[in-house]
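Just below is one structure, and these are the notes that go with it.
The values are calculated or read from the model by the stated rules, or taken from the named source; none is laboratory data. Quick caveat, the model's predicted, so the values are computed rather than measured. Note: ideal-geometry Cβ built from the backbone for every residue, glycine included; neighbour counts use all protein chains shown.
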């Protein structure tokens, strides 16, 4: 049995005229709780518990294509500045597919040089070097998933 | 042909919403989900769920072969593509025809006519609609020349775009190339087509759109929506009908939208997006969206129709079930998009796992969401987590209802923009209605200037 919005409205009508201020309902398939506020207004919290009814996939899932999250625990290296991802998301080395990468190992960067982009929730976020220097390591592969605070690159700063 | 089983090639709240209509209509549902969405609310609600690939949308929700193979394997009569992803993709429409499956949407030719924004512009001109000055650019040199001709600031728009993706403002000639690169990357990622074109940026404009519905012969309109509350071309609040529009102008907009639909012999549900130039007291054609839109519930509220049911009926080859004179618009509806993002930190996305939810229930309140305790907001897709819709007798009643309704919403475990909507509803300028797209960025700037923000 599925619980529809109409069902919730019907239940509300029944309890609206009652003296109850709270209703909790749970079956194997759903959980519903309705609460009456101070001015008679109702709020609901519901949870569909029915397990998904999975059909056999038609396209064999390729295990290797599951994104491998980059570790955020890469140890810092003395004298090098870590460039960390501003957000968790997909790390891209070039501005668009097929274009040359923003930087390579050995590239000289300014503080506001764009060194990569990270795509999170469909937004492209520019990653800036943040320091003047030379790129000495690129820690992730192109299109790899960057976890919270992952180190993307390391830069040897100038004039230190 | 009667549709008995639909494959839903989408995710999130729209997948849930399509399942709901199908349940009411007695149509079986099969959800085509990525690995990241196999235990989503839509998957729990659908009669069946089939995995179409990894989390990354290019390998699942944007994979035409995987989607059609899933529909064939599940013996679906039709595919509902929702919005975004493959919803306006001609390849999907063609692959459906080849496989004998109904694509719930317009014809491939119509998708081509409006999907390519430059073609859409020329169709608009042919149908007698005014368009914004601008045009196509083949190279960066050409872009500089076109931009100089139409004047700064300009807009860079994705030819294959829509829904505001890949669209950016450029204020100085120096930034043009950099901006075009970024816009092209986003367009490539979102639509698989990196081409962009330029348009004059209208500074005092309102984004007003007209909902249309056609059966291939007749086209009717279901009134206007105002979507002028936007940030970086992403709509945040929508309302229907568009308030404070001069009556003559509103009727001209209705007529223009229907004329465009008739010109294309449009079949299906679509939206003609118009830009109201407040200074010149006129409007221009922007684009047509050949799909159901995120903000469709505000139209459903004022016209009393289930637009997904109408889409399905037209897709079955039936004529429109109502004529223009049957359309009665009543009251005023507002929708707030609740997004998993922190508006106090430059709208930083906030993926994660939802721990608790509470939503208001009552007359004139609707929630479209895929959130519940335990639901995941993956980093791979957009940040929309719920839509809160209220329908009041008039606009001021609707604003009051929205204030009330927002105060009763809770989504725990992730950061959302609930408080942004709550603050916006308190603003006198919002309450007055009829603001331009410049209003919301100004509201944000004032908030930032007032402090407490890390944007």
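Can you find, within region B:46-58, the residue that is farthest from residue B:22 (Cα to Cα) among those that are at the interface with another protein chain (Cβ under 7 Å from one of its Cβ atoms) and crowded, with 24+ Cβ neighbours inside 10 Å? Looking at the filtered set, the residue picked out is B:53. Per this entry, residue B:43 is counted among residues that are within 11 Å of another protein chain (Cβ to nearest Cβ), touching a helix residue (DSSP H, G or I) at 6+ places or on another chain (Cβ under 7 Å), within 21 Å of residue B:378 (Cβ to Cβ) and part of a helix (DSSP H, G or I).
Residues in region B:90-115 that are buried (at least 24 other Cβ atoms within 10 Å of the Cβ), assigned to a loop (DSSP other than H, G, I, E, B) and either out of contact with any helix residue (DSSP H, G or I) (no Cβ under 6 Å at 6 or more places or on another chain) or within 14 Å of another protein chain (Cβ to nearest Cβ) (or both): B:105, B:106.
Which members of region B:16-30 meet the condition of being outside any helix (DSSP H, G or I) and more than 8 Å from chain A (Cβ to nearest Cβ)? Answer for region B:16-30, where residues must be outside any helix (DSSP H, G or I) and more than 8 Å from chain A (Cβ to nearest Cβ): B:26, B:27, B:28, B:29. Entry remark, region A:94-123: residues being more than 10 Å from chain B (Cβ to nearest Cβ), in a loop (DSSP other than H, G, I, E, B) and touching a strand residue (DSSP E or B) at 6+ places or on another chain (Cβ under 6 Å) number 5 in total. Residues in region B:206-223 include at least one that is buried (at least 22 other Cβ atoms within 10 Å of the Cβ), in contact with a helix residue (DSSP H, G or I) (Cβ under 9 Å, 6 or more places away or on another chain) and free of Cβ contacts under 8 Å to residues at least 60 places away in the same chain. Quick check on residue B:68: is it more than 9 Å from chain A (Cβ to nearest Cβ) and closer than 21 Å to residue A:51 by Cα? For residue B:68, the condition - more than 9 Å from chain A (Cβ to nearest Cβ) and closer than 21 Å to residue A:51 by Cα - is not met.
Of the listed requirements (1) at pLDDT 95 or above; (2) in contact with a helix residue (DSSP H, G or I) (Cβ under 9 Å, 6 or more places away or on another chain); (3) within 14 Å of chain A (Cβ to nearest Cβ); (4) surrounded by fewer than 19 Cβ atoms within 10 Å (Cβ to Cβ), residue B:404 misses just one: (2).
Each row is one residue, and each column tells you yes or no for (1) assigned to a strand (DSSP E or B); (2) under 18 Å from the mean Cα position of the chain (by Cα); (3) at pLDDT below 95; (4) surrounded by fewer than 21 Cβ atoms within 10 Å (Cβ to Cβ).
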{"residue": "B:251", "(1), (2), (3), (4)": "no, no, no, yes"}
{"residue": "B:257", "(1), (2), (3), (4)": "no, yes, no, no"}
{"residue": "B:270", "(1), (2), (3), (4)": "yes, yes, no, no"}
{"residue": "B:274", "(1), (2), (3), (4)": "yes, yes, no, no"}
{"residue": "B:280", "(1), (2), (3), (4)": "no, no, yes, yes"}
{"residue": "B:314", "(1), (2), (3), (4)": "no, no, no, no"}
{"residue": "B:320", "(1), (2), (3), (4)": "no, no, no, yes"}
{"residue": "B:333", "(1), (2), (3), (4)": "yes, yes, no, no"}
{"residue": "B:338", "(1), (2), (3), (4)": "yes, yes, no, no"}
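Remark: residue B:166 matches the filter, which requires a residue to be within 26 Å of residue A:121 (Cβ to Cβ) and at pLDDT below 85.
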